[in-house]
Amino acid sequence: MKKNEEKQSDMEISISNSSTRALRGRQSVRATFRLSEACIDAISILSAQLGIKQKSVFDHLMEDVQVLKDMASELEGFEFDRHERIQKTFVVSRRSLSFLDTISSEYDAPRDALVEYSVRRLLPIIANERKKHEKRKMILDEISSHFEKGRKLLSKAEEMLGTDDPIISKLGTAMSVYKNVLDDITVFIEKGKIIEKFQTE
């Protein structure tokens, strides 16, 4: 009985230590890199277009350890041109930064180069998002046109029924909600305009 209790206690300690390490690995830390303007833009675009934090972009790139190692082996001893690069601080997880630092050191590959080349792996996603962005703009035009028709219908209904009619109240509420949705979509597409000038080639 005592041995079982000791075994269970050891398991609980092991699980507790493992959970603590996992949680610490998710802690946010700040890391500064020197990257090209295109790379920084790519990170911003992915974050905005996919509706995720930039930290999540880094986590996705850095936690695929085997791919990172393969890339580092190709960049081993590579002299990274630091000219025309911008110093930028990002929030990343402690775990992702640890992977990056360890592999960079192990393969003698510049940390900034690893980030830069990792981001390039996501260029097909950006190219796809650019196509979606153009389609979203077309849909926005149709939504705006539909909204204007709704406003004209509301105005016509008010003339026919008076502003105190129950139908007018309900239709007015619907148009108010519609306007909020239209505004949200417009803001989203405006934020995505950075993707129009981004070169994926």
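A few notes on this one:
- Annotation note: Cβ proximity below 9 Å between a residue of the stretch 162-186 that is among the β-branched types (Val, Ile, Thr) and a residue that is exposed (fewer than 11 other Cβ atoms within 10 Å of the Cβ) and not in a helix (DSSP H, G or I) (sequence gap 6+ or interchain) occurs for 168/162.
- Among the candidates 139, 143, 126, the residue that is of a type outside the set (Gly, Ala, Ser), part of a helix (DSSP H, G or I), at negative phi and touching a Ser or Thr at 6+ places or on another chain (Cβ under 6 Å) is uniquely 126.
- Within the stretch 71-97, if we keep just the residues that are out of contact with any strand residue (DSSP E or B) (no Cβ under 8 Å at 6 or more places or on another chain) and surrounded by 15 or more Cβ atoms within 10 Å (Cβ to Cβ), the residue that is modelled with the lowest pLDDT turns out to be 80.
- Which listed residue, of 109, 157, 174, 113, is open to solvent by less than 70 Å² (accessible area, probe 1.4 Å), within 30 Å of residue 74 (Cβ to Cβ) and assigned to a helix (DSSP H, G or I): 113
The values are calculated or read from the model by the stated rules, or taken from the named source; none is laboratory data. What you see is a predicted model, and the numbers here were worked out from it, not measured in a lab. Backbone-built Cβ (ideal geometry, glycine too); neighbour counts: all protein chains shown. Quick note on the areas: whole protein, heavy atoms, side chains included, nothing else; ligands and nucleic acids left out. Shrake-Rupley method; radii C 1.70, N 1.55, O 1.52, S 1.80 Å.
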